[in-house]
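Comments concern the structure below.
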Amino acid sequence: MPAANDRVKQILSFYASDNVGVKTNLARMMNHGALAGTGKFVILPVDQGFEHGAARSFAPNPAAYDPDYHYQLAIDAGCNAYAAPLGSLEMSADKFAGQVPLILKVNNSDTLAKMDHPCSAITSSVTDALRLGCSAIGYTIYPGSGARNVMYEELRELVLEAKEVGLPTVVWAYARGEGLSKQGETAIDVIAYAAQISCQLGAHIVKVKPPTDYLEQPEAKKVYEKYAIPIKTMAERVRHVVQSAFNGKRIVIFSGGEARDTAALLEDVRGIAAGGGFGSIMGRNAFQRPKPEALKLLADVMDIYRKAG
Amino acid sequence: MPAANDRVKQILSFYASDNVGVKTNLARMMNHGALAGTGKFVILPVDQGFEHGAARSFAPNPAAYDPDYHYQLAIDAGCNAYAAPLGSLEMSADKFAGQVPLILKVNNSDTLAKMDHPCSAITSSVTDALRLGCSAIGYTIYPGSGARNVMYEELRELVLEAKEVGLPTVVWAYARGEGLSKQGETAIDVIAYAAQISCQLGAHIVKVKPPTDYLEQPEAKKVYEKYAIPIKTMAERVRHVVQSAFNGKRIVIFSGGEARDTAALLEDVRGIAAGGGFGSIMGRNAFQRPKPEALKLLADVMDIYRKAG
Amino acid sequence: MPAANDRVKQILSFYASDNVGVKTNLARMMNHGALAGTGKFVILPVDQGFEHGAARSFAPNPAAYDPDYHYQLAIDAGCNAYAAPLGSLEMSADKFAGQVPLILKVNNSDTLAKMDHPCSAITSSVTDALRLGCSAIGYTIYPGSGARNVMYEELRELVLEAKEVGLPTVVWAYARGEGLSKQGETAIDVIAYAAQISCQLGAHIVKVKPPTDYLEQPEAKKVYEKYAIPIKTMAERVRHVVQSAFNGKRIVIFSGGEARDTAALLEDVRGIAAGGGFGSIMGRNAFQRPKPEALKLLADVMDIYRKAG
Amino acid sequence: MPAANDRVKQILSFYASDNVGVKTNLARMMNHGALAGTGKFVILPVDQGFEHGAARSFAPNPAAYDPDYHYQLAIDAGCNAYAAPLGSLEMSADKFAGQVPLILKVNNSDTLAKMDHPCSAITSSVTDALRLGCSAIGYTIYPGSGARNVMYEELRELVLEAKEVGLPTVVWAYARGEGLSKQGETAIDVIAYAAQISCQLGAHIVKVKPPTDYLEQPEAKKVYEKYAIPIKTMAERVRHVVQSAFNGKRIVIFSGGEARDTAALLEDVRGIAAGGGFGSIMGRNAFQRPKPEALKLLADVMDIYRKAG
Amino acid sequence: MPAANDRVKQILSFYASDNVGVKTNLARMMNHGALAGTGKFVILPVDQGFEHGAARSFAPNPAAYDPDYHYQLAIDAGCNAYAAPLGSLEMSADKFAGQVPLILKVNNSDTLAKMDHPCSAITSSVTDALRLGCSAIGYTIYPGSGARNVMYEELRELVLEAKEVGLPTVVWAYARGEGLSKQGETAIDVIAYAAQISCQLGAHIVKVKPPTDYLEQPEAKKVYEKYAIPIKTMAERVRHVVQSAFNGKRIVIFSGGEARDTAALLEDVRGIAAGGGFGSIMGRNAFQRPKPEALKLLADVMDIYRKAG
């Protein structure tokens, strides 16, 4: 890995109260791949097999039924890390040992059950992360769900347990549940709020969806309007989310959302980069394309972040 | 046990991140019985006494009230393994020590209680499996149940605990619950999804029911149709399930379903074998017949798999 | 204790996978009292104070308010064992140390609370059983209750814990709960099913109520009729229950049910004995009578079993 | 594995107080290899690298520097088991998973240190044995050493720990130490005594050196002479050692001793077989020869035991 | 880190029975620094402050009194790893997080005490290694010491504990003690034996001193002479040590020994490289020189290994 440059050191300084192990693993991700040393992130996450089923996830590009495919894609593209549930890592981690930092997604939800409140199941552990050589764990919370307390409390315990053995935690913050409208799930006030909650819960890296300019909560709406918080462009909204995540002192990355056309996707990424977002976590948009196209897309995305540095 | 041939070695290589103990026990099952060395499986499971009551299970062939009967049947037929709940193994394991690999079924459900959400009770432990000389544990999940999280989390802990002492885990993946229609329980999209979930949860061997060509989930239906995934014949459907289980890199076996006529049963098995299924787990269809007929049926099934090799 | 005769040895051989401690304690009960060496059991259980209140239990024979009374009754009658909750044993065990094998009933339920699902509380432990010199623990399950999983899982852990220190477990299997009609609680299909479940959960001795010829579950009814399983007489029904308990290879004993007239009671016992039942566990019918009558009744019951040997 | 024949079942019956797991692993060794089903043993042990250094052990046949060599030799020769210290198993167990039963030698001694009293160091654990898929652990005691208590007490704890997880223990009983003359280390009274001690400490299999007709202890000498215990031939001496190991109810196997000429070696084996010894554990005499010669020797040895059956 | 090349993958394959975490950390060291991807090692160890005192260690180059100095030296030189006791890592690890793989030396010995038998004290733990973000632990054994058993047993527990959390173990194998002459400490038979012992104890990387052609043990001498094992040149001796470490399937690295002139040192390194040694671990010879000279020396050493690849 290249010597960490000043930006990497600055980011690590935001995590001063964490132990050296946690910082080392954050550095491992920041010092790996095509964006090594820039403090920017492009992560490949593949939990859609669990979340939506194999066919819905992999039929567009059948090579992706094989867990090895994603490892190799993340390595070839020069991603900072590859994130997946236990089974996928179990299957392929040995073959690719040491070639790309891993994030073990320790909770997951499928779409077969009808739950009273959205709430993922814990599907792996910090012990698994260590034995599989991972650099972080990942956990999904659904702010807005009536099962919020279950998730926040599980997360708190996992963050602490992971921290003690030197592993940072990536929080997938997806607002969802009885408390929110469908449109509200990506409202700027809600996304910013979810990012703040994640930081307060001890997240080292926060993942949110790109926010829209919709405002969900009436009380929030009043404030955003009174203080004329700029939320018109993606760059403005991202800047506000990053500000809401401890004023830029926690790493916030943005998902690509549903698979769609390349131009729109890159436009979003340019907005994220312009707004000071730390990077993208891009799953379906990458692995559902033929590999050459996926590599091209990821390279373009990395290029945008590199230039935004 | 015979020297592992190339197919057995190849299958073991799919479990590279597991310890040698787990691989040794997988090998013990693959190197035992009439299908030794082929990488194919025919397993005798007898948990119907617990699941449906003794009379419903054993009245058709009263010799089967005696747990010894099933052990001897599995041995005489040359099955790769015999799976049962704690009590049956306690009763007979000593008498047949070392004669057939055992799978301890560690959770079970009866049909006396009316549960809010389908969810089996844990009825034995990894400690029991070790003291009884078992080669694996077995656990049932009901994807589609509102108690999904309870089961996934119990399974996760058991898989890890078993793994550490060298025991693989067989997952009985039975989609069931409020989230699914009756017909949906064996829908191809649901069965494939249940297989994927099992793999992600760390299953070493996945057991599903033979799928029908019905499609349950609207979002999945669109994808199956758009990509024209072939699901008309049993072979095609099995091929898709196997693909959904890490592209053929996890062992997937198929139950025989409700007891019925031999011709239909063997036709299904031929489809499973043609589609690349790893084998059958056949309970009622075996032990509810008179022993000579059961031996004949199991021999015929094994023959189909041997030729498909 | 007298040398175990052939029947005792045969019964012990059914518990081959248990350690010598468990077998020794089973032997202690089988080699004690008036039925020593026959493999038959008459046990005095007194948990009605907890289950129904003291007055409902002991007012008919006020001497029975004193726990010493029951010990002395079990000793004088030559019972194989005396079973009671913690408090009763604490009170009197010291005085009668070594005079009769004890079974510590480790869970109990009162009739004051209204539970969502019937489920007893754990009221003592394996540690208590050891320090009180007991020969077994006892545990009640309610198959049919929505709290089934709680009970099965507690039982599983207790069986394992007890086993490791050489104590067998007696399971009181009382079908009860939302899943069953009142009549169904003693239906032959349900009682046989409850016996099977108890055996699968690792019970060394199963206690059920004498079954009626009613059939509760439609699916079971079909099977009983199709295979013409004889259930008309008590002897036939008991034979079926014993068959359902691992084909006679687990000890199954029968309660006397509600207190009633002696003739009917003895008629039932004759049916149990004729059907191959291992014995009776008789509480209220014994201790609610004046002691001389109780001794007479128990002697008559023992006589029936001795002759049935 | 072949169905256990009567002799295997008889031997297992000697271990009736052990759990099924222990018996299963004993059966695994007895049902494996060229002597499968005979109740006879030929085991390949390779701990000489640790005990005497690599060059002294492997220079005569340099292929043997590679741990894989010994696995393959044990497999090709059809040995019942292969025994080695941790490092050798770590190195090669994954490659040969499931192909030969393994015995993890959990203590070892080197010849670099000058110890006050001979006493091996514990070099691996029951946990290691489970994760490496072993069928037994092995432990060396030096009866005659002033450090006897350390060894006997360590062994006792290991035997219990191993037993609980279903692993039998093989005891290497090498009389040695201040209490004995050099000649006395293989004296018939001493070897027979060491075998008895091993059995009393809970050994499932005892390994001793072939005894000479020398008598070391004066008190013992008197008795051997008074009762005219036959010790002139190897067969007589082996018969006495086997008798001293619970009258033939514990498995006793004999080492080949220092590497030497084939005729003398086979003569010894014939004596061991004639005297009712359960088999041989043959290290240097096997792996220090060129592989074809080693295979020939082991085949000849197995032949002798097979015929003695 | 660069994609692992074929040699790195081959070396990792020697550790097949280890979990992915252990392999990942081995890969981290092999994929870091100037020798990344070659499978060769140059490690900077600085435990001399503890072992010999600060002045004896650092007076020749006073900048080296500051622990930061050594980190920066290891980073600037492109070493694969930096090894030190707890205090040094505590002091500087936070500042350099993620810039060089760390080995926590978990036992140490000073030269103030007069011990009965040489034996280091445990000075830190696996927990420390995790919270400090280390890639391995290091442990010193003194084969030849009367305290051998204490050390081997401590090591065994640490190897297992570290392994379970994904950390490999580096064993410093220094033959020393009552059993050996001073000259014998670096005798070829003793060094080769110490390497074998370390491998058997589960070492992932073994560190020994460069051996001389002296033969210490009479029994060994006979064998070396009988089989004409070549030990005249450093390359021959290193080849024999590597062979003694599982035939080249464990990583063996060589210390630089006492500080001395550059030419002699590089001559040794050339011999080590020519004999197939995996690399050098070079402390005093590096940090006691002025930094520019140290960097020059380390670059020259790395150059030799790179060319030997």
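Structure values in brief
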| item | result |
| --- | --- |
| Residues (polar (S, T, N, Q), more than 19 Å from the chain's Cα centre (by Cα) and over 20 Å from C:N19 (Cβ atoms)) located in the range B:76-100 | B:Q99 |
| Residue count for the range D:277-296, restricted to those that are touching a residue at least 40 places away in the same chain (Cβ under 8 Å), surrounded by 15 or more Cβ atoms within 10 Å (Cβ to Cβ) and not aromatic (F, W, Y) | 12 |
| Residue match in the range A:28-49 (condition: without any contact (Cβ under 8 Å) to a residue 24 or more places away in the chain, out of contact with any strand residue (DSSP E or B) (no Cβ under 6 Å at 6 or more places or on another chain) and not in a loop (DSSP other than H, G, I, E, B)) | no |
| Single unsatisfied condition, A:A55 versus (1) surrounded by fewer than 24 Cβ atoms within 10 Å (Cβ to Cβ); (2) within 7 Å of another protein chain (Cβ to nearest Cβ) | (1) |
| Test: residue in the range B:95-103 that is of a type outside the set (S, T, Y), within 8 Å of another protein chain (Cβ to nearest Cβ), under 27 Å from D:P168 (Cβ atoms) and surrounded by fewer than 23 Cβ atoms within 10 Å (Cβ to Cβ) | yes |
| Residue in the range C:131-157 that is surrounded by the fewest Cβ atoms within 10 Å (Cβ to Cβ), counting only those that are closer than 16 Å to C:V46 by Cβ and of a type in the set (V, I, T) | C:T140 |
| Number of the exception - D:S198 against (1) within 23 Å of D:A162 (Cβ to Cβ); (2) of a type in the set (S, T, N, Q); (3) open to solvent by 10 Å² or more (accessible area, probe 1.4 Å) | (3) |
| Qualifying positions in the range C:152-200 - more than 10 Å from chain B (Cβ to nearest Cβ), part of a helix (DSSP H, G or I) and small (G, A, S) | C:A162 |
| Residue match in the range D:104-120 (condition: within 13 Å of chain B (Cβ to nearest Cβ) and at pLDDT 95 or above) | yes |
| Residue within the range A:63-78 that is out of contact with any Cys (no Cβ under 9 Å at 6 or more places or on another chain), part of a loop (DSSP other than H, G, I, E, B) and over 22 Å from B:C199 (Cβ atoms) present | yes |
| Lone qualifier among B:K114, B:K182 - being touching a Gly at 6+ places or on another chain (Cβ under 8 Å) and open to solvent by 10 Å² or more (accessible area, probe 1.4 Å) | B:K114 |
| Qualifying residue in the range D:39-58 (condition: touching a helix residue (DSSP H, G or I) at 6+ places or on another chain (Cβ under 6 Å) and under 30 Å from B:E90 (Cα atoms)) | yes |
| Residue in the range C:258-271 that is crowded, with 24+ Cβ neighbours inside 10 Å and either in a loop (DSSP other than H, G, I, E, B) or more than 11 Å from chain B (Cβ to nearest Cβ) (or both) present | yes |
| Members of the range B:124-151 that are more than 14 Å from chain D (Cβ to nearest Cβ) and within 18 Å of the chain's Cα centre (by Cα) | B:G138, B:Y139, B:T140, B:I141, B:Y142, B:P143, B:M151 |
| Test for B:R306: is it part of a helix (DSSP H, G or I), touching a residue at least 60 places away in the same chain (Cβ under 8 Å) and open to solvent by 60 Å² or more (accessible area, probe 1.4 Å) | yes |
| Matching residues in the range D:36-52 - criterion: being within 14 Å of chain B (Cβ to nearest Cβ) and within 16 Å of the chain's Cα centre (by Cα) | D:G39 |
| Any hit, the range E:226-249, residues being within 19 Å of the chain's Cα centre (by Cα) and over 29 Å from E:Q200 (Cβ atoms) | no |
| Only listed residue being free of Cβ contacts under 8 Å to residues at least 40 places away in the same chain, over 20 Å from E:A16 (Cβ atoms) and touching a Ser or Thr at 6+ places or on another chain (Cβ under 6 Å), chosen from E:A228, E:A173, E:A147, E:A187 | E:A173 |
| Residue selected from the range D:101-118 under the condition under 16 Å from the mean Cα position of the chain (by Cα) and of a type in the set (A, V, I, L, M), by the criterion nearest to E:P118 (Cα to Cα) | D:V106 |
| Residues (open to solvent by less than 10 Å² (accessible area, probe 1.4 Å), more than 9 Å from chain B (Cβ to nearest Cβ) and assigned to a loop (DSSP other than H, G, I, E, B)) located in the range C:203-255 | C:H204, C:P211 |
| Matching residues, the range A:9-32, being more than 8 Å from chain E (Cβ to nearest Cβ) and surrounded by fewer than 23 Cβ atoms within 10 Å (Cβ to Cβ) | A:K9, A:Q10, A:I11, A:S13, A:F14, A:Y15, A:A16, A:S17, A:D18 |
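Results for (1) within 25 Å of B:V241 (Cα to Cα); (2) buried (at least 24 other Cβ atoms within 10 Å of the Cβ); (3) modelled with pLDDT under 95, shown as yes or no for each residue.
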residue: A:P45; (1), (2), (3): yes, yes, no
residue: A:P62; (1), (2), (3): yes, no, no
residue: A:Y69; (1), (2), (3): yes, no, no
residue: A:A129; (1), (2), (3): no, yes, no
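The values are calculated or read from the model by the stated rules, or taken from the named source; none is laboratory data. Keep in mind it's a predicted model, so treat the numbers as computed, not measured. A quick note on method: Cβ atoms are made from the backbone with ideal geometry, for glycine too, and the neighbour counts reach across all protein chains shown. These accessible areas exclude ligands, DNA and RNA; they are computed on the full protein's heavy atoms, side chains included. Shrake-Rupley method; radii C 1.70, N 1.55, O 1.52, S 1.80 Å.
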